[in-house]
Structure formats: C-alpha cells, structure tokens
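Input: one structure, supplied below.
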Amino acid sequence: MPVLPSSTRAISSLACSPGKSKERFHDPRCKGLLLEVRSSGGKTWYVSYTTQRGQRREHRLGDCRDLTLSEARQLAEQHRHAAAMGRDPAEEKAALRQVPTLEAFVDDTFLPYIKITKSSWKQDLSLLRRHILPALGKKPLDAISRTDVLALVQRRIADGAAAGSVNRVVILLRYMFNQAIRWETPGVAVNPTKDVPLLKLNNQRQTFLSQEEASRLLNAVQQSANPVLGSIVAMLLLTGARKREVMDARCDGIDWKRRIWRIPISKSGRARYVPLSDGALLLLRQRQFEVPDGCPWIFPNPDSGDPYRCINNSWDTARRRAGMPELRIHDLRHSFASFLINNGRSLYEVQKILGHSSAKMTERYAHLAHDTLLAASNAASLALGGCMPAIANGYQKNLLKAEEYG
C-alpha cells in the first residue's frame, strides 16, 4: 500500500494509478489511518482497527475536503482508543442508523399497536398529528430530550391550550416512550418525559345527579325522536359504563347465567367485566325483543343496523328538555359512582365496577364516601337520643363559665 504524503498540497494532488478505479494510501505516522482516492477525484478518510473480539473493522471518518490530515489523525486515534476500551465505533454508528425517528416509530410500530389495544386510539392519533409530530416527528427517538418536551409544553401553553389538553400530550408521549423501552426499540433507554410534571388542574367539573334529576332525565330521553336513546342512557346510569362501551355493546358479551357483561376492549386496552344489576338485566331482556334477529349489537341504529356513531343532537335535546343543559354524558358515569357510595359501597368496589386501573382515579369520589360516613356517625347521635339533653345542659354550663372568666 503506498504511503500517504505529509503535506496538504501533496494530498490534494493525489490521484489513482492509471487503470485503477480507487487506491488507498496509509499514514506512517498514525496507525490505521487510510486515505481512499478514487478515479472520480473523491477522497475519503478511513480508520482501520481491531476490536477486542479480534474482528478487523474499517470505519469511515469523513471526506478529505471536510477533514485536514491533522484532524483525521486525531479522529483515528480516538476511534482506536475506543476500540481498545471495548467499544466498536462501527457498531455504534450502525446502531445509530437503526434508531427510528418519532414519525417512523409511530407509523411502523406504535399506531398499529394502539389500533388493536386502545378504543380511544383515534384521539391519540389526533394529538399526534396536531401537536406532537409537527414538533418532534423528524427527530430520532434518542435525540428527543426533556428540554424538547418542556419546549412543547410551553408552546401549547402559549397557544392558549387548557391544562388538561397540555397534560394529555405529555401523558401520550410518556406512554409512547415507555412502550418503546419495553419493546427494546434501538437507541431508547431513557424516557425524556420522566421528570416533566403535569400541570395542575383547576377546572375539573363533576356533576352528580340526584334521584329526582335522574328520574327527570330518564323521562326526557324516553320522549326523544331517537328510539334507542332512552335505552342507551338507562344502561349508562345502571352500569357506569363509558358511552362508547354501551353504544358498541354486543349481544354475545352478556353472560346471562353469571349476570356479567364482558367489554372486550376497554379504555385501558384490556377486557373488563361489569356486574349486571336487576335493572340492567331487565333492560337487556327488553332489548332482546326490540333488536332484529341476527343483529349482533344491543343498541343498534334501526336505520343502519350498526352502532350509532354519534348521539349528540338527540342527547342535547333531551338534556335541555330535562332542564339540565350543562349535563354531560360522562356525568352519568359519575352519578352511578355516587349512587354506589351514597348507599354504603366502598371506594374499592367502585374502582372495580368502573374498571379504573388505579385507586387514584377513584379518589375523586372520596368526598362522597366522607358524606356517607358522616351520615353513619350521626346514627350514633340518634341512638343516644335520651342522653342528648344532659349533654346539651353540660355544654351550656361550660359556656357560661367561659363567659364568666372572660
């Protein structure tokens, strides 16, 4: 192999020997440094080294127009040192090429996964397309940092997004990176959202129907032009299920003997089982007579035979007729929980029936549990009814003493 000249001018004038498409020159002063000269006029620096496993490698350092001889020597020394320390620069470079961009990860891996595991995947896709991918989609996964996530959060706040909307973006990103780590995606070892705090929510609104309000609502939905709205709303109130779970309910999901409704894919991505009360069973028995033979759905649209995609118009009319124009369909789920707790059921039972993945999600109803406990403790006062006058007299005496001593 010919020797590399040491002057910049001599290197720039190097050319292949006649009849050769390329030729390599080695540097006598830097072990492993090579310059490849091609007949086209291109020149590229390479370093040759041996890994600790005894494998011979060649690693491209860069174009001769971008690196001087001294810079190429410095890089070659660094790569040989890395190999001596047990690292393989060629493998590291190949590994970097395997790290997908966020956009490629979403299209090739994440989106196909959530389409079969999450009933709310369309909402995730909307967040991805509108907010996450425009900001981070072109970046490799290992290049997305906590700073990038915080910048996205600040941008959403500056755009006037509500705290809940900002949090949903962070939560989705966190979930994506956790999945990438679990799937051992190349280059992903740390979740960049790990230390990004969620914004405090001050706008959480919960509405709990009283028995009188629930009765008024049920009367209103029965008058709806939508012939199935009354049954859908009743099922929501009787089971605490989510709107889409009821609207997509299938006949084969009902276990009449065990009184259980199996929801194949819930919001958590897993099947869940809802116990069916006497009222829910009565409603389902009635639906058996109203649903055409062979139809797999419990609450189908009579016109199409398929589940309703939207009931917003008929719901809006019914809630206004009931005098509750601000009532949301999801408030029926909250109301079901309040009915349970106000009748002495525990938060643990509510968590299991509603299908919450953690007790934290059920803690929003803790104040209802406190009211129930308070009512129970007042039963002690009623039981001590005969003693109450004596307690009251003692309190009055102590009050007079306090006033006397000023």
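Would you check which residues across segment 306-365 are in a helix (DSSP H, G or I) and basic (Lys, Arg) and list them?
Arg319, Arg320, Arg321, Arg333, Lys352, Lys360, Arg364
Going by the structure shown, is Val190 β-branched (Val, Ile, Thr) and exposed (fewer than 13 other Cβ atoms within 10 Å of the Cβ)?
yes
How many of the residues making up segment 250-293 are touching a helix residue (DSSP H, G or I) at 6+ places or on another chain (Cβ under 7 Å), assigned to a strand (DSSP E or B) and more than 27 Å from Pro227 (Cβ to Cβ)?
1
Quick one: how many residues across segment 1-15 are surrounded by fewer than 12 Cβ atoms within 10 Å (Cβ to Cβ), touching a residue at least 12 places away in the same chain (Cβ under 8 Å) and part of a loop (DSSP other than H, G, I, E, B)?
Adding up the residues that qualify gives 2.
Just the residues that are closer than 15 Å to Phe110 by Cα, in contact with a helix residue (DSSP H, G or I) (Cβ under 9 Å, 6 or more places away or on another chain) and hydrophobic (A, V, I, L, M, F, W, C), please, taken from segment 170-205.
Answer for segment 170-205, where residues must be closer than 15 Å to Phe110 by Cα, in contact with a helix residue (DSSP H, G or I) (Cβ under 9 Å, 6 or more places away or on another chain) and hydrophobic (A, V, I, L, M, F, W, C): Leu172, Leu173, Met176, Phe177, Ala180, Trp183, Val188.
Computed from the coordinates by the stated procedures, all read-outs in this text should not be read as laboratory data. These numbers were taken from a predicted model, which means no experiment stands behind them. Positions of Cβ are backbone-derived with ideal geometry, glycine not excepted, and every protein chain shown enters the neighbour counts.
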